[in-house]
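Okay, so here's the structure we're looking at.
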Amino acid sequence: MIFKRVGDGKPYPDHETGLRDWSELPPRQIRLDELITTKRTLNLETLLADDSTFYGDLFAHVVEWKGELYLEDGLHRALRAALQQRPVIHARVLLLPDTST
């Protein structure tokens, strides 16, 4: 198993975090088997492209909500790591408070 679960969509509330805000979060290592994806499919061209990390952030974006880690952006990075038999990726993690109580 690569991921904890394959999801379809974002179950957490919209956080309206921009690229500048993401860039201020320090990257840390996250185990692939702790991640829940927010996409069920990936464009194979994106996965295989030589410049897939040229545009945008070099690190995956993960949202931590209700004790779960959701891979919001960087599915291609995570799959590349898995194909290279690396169990972790470097990601920026945004902690969202649980406001349901």
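The values are calculated or read from the model by the stated rules, or taken from the named source; none is laboratory data. Source: prediction; values computed, not measured. Cβ coordinates were reconstructed from backbone atoms using ideal geometry, including for glycine residues, and neighbour counts include every protein chain displayed. Heavy atoms of the whole protein, side chains included, go into the accessibility calculation; ligands, DNA and RNA do not. Shrake-Rupley method; radii C 1.70, N 1.55, O 1.52, S 1.80 Å.
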*For the stretch 72-101, name all the residues that are in contact (Cβ under 8 Å) with a residue 40 or more places away in the chain and closer than 14 Å to PRO13 by Cα.*
GLU72, LEU94, LEU96, THR99
*Find all pairs meeting these conditions: Cβ atoms under 6 angstrom apart; at least six residues apart or on different chains; first residue within the stretch 6-31 and under 12 Å from VAL63 (Cα atoms) and assigned to a loop (DSSP other than H, G, I, E, B); second residue among the small types (Gly, Ala, Ser) and at pLDDT 95 or above.*
none
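Go through the stretch 72-88 and give me each residue that's under 15 Å from LEU25 (Cα atoms) and open to solvent by less than 30 Å² (accessible area, probe 1.4 Å).
Applying the first criterion (under 15 Å from LEU25 (Cα atoms)) to the stretch 72-88 yields 72-73.
Scanning the stretch 72-88 gives a single hit, GLU72.
Looking at the structure I just gave you, is ALA60 surrounded by 12 or more Cβ atoms within 10 Å (Cβ to Cβ), touching a strand residue (DSSP E or B) at 6+ places or on another chain (Cβ under 6 Å) and modelled with pLDDT of 90 or more?
Values: surrounded by 12 or more Cβ atoms within 10 Å (Cβ to Cβ): yes; touching a strand residue (DSSP E or B) at 6+ places or on another chain (Cβ under 6 Å): yes; modelled with pLDDT of 90 or more: yes.
Judged against the criteria, ALA60 is a match.
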*Output the number of the condition that THR46 fails; it satisfies all remaining conditions of (1) outside any loop (DSSP other than H, G, I, E, B); (2) modelled with pLDDT of 95 or more.*
(2)
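Looking at the stretch 62-71, which of its residues are closer than 15 Å to GLU24 by Cα and without any contact (Cβ under 8 Å) to a residue 40 or more places away in the chain? I'd like the intermediate steps shown before the answer.
As a first pass, look at the stretch 62-71 and keep what is closer than 15 Å to GLU24 by Cα: 62-63.
If the condition is that a residue be closer than 15 Å to GLU24 by Cα and without any contact (Cβ under 8 Å) to a residue 40 or more places away in the chain, then VAL62 is the only one that fits.
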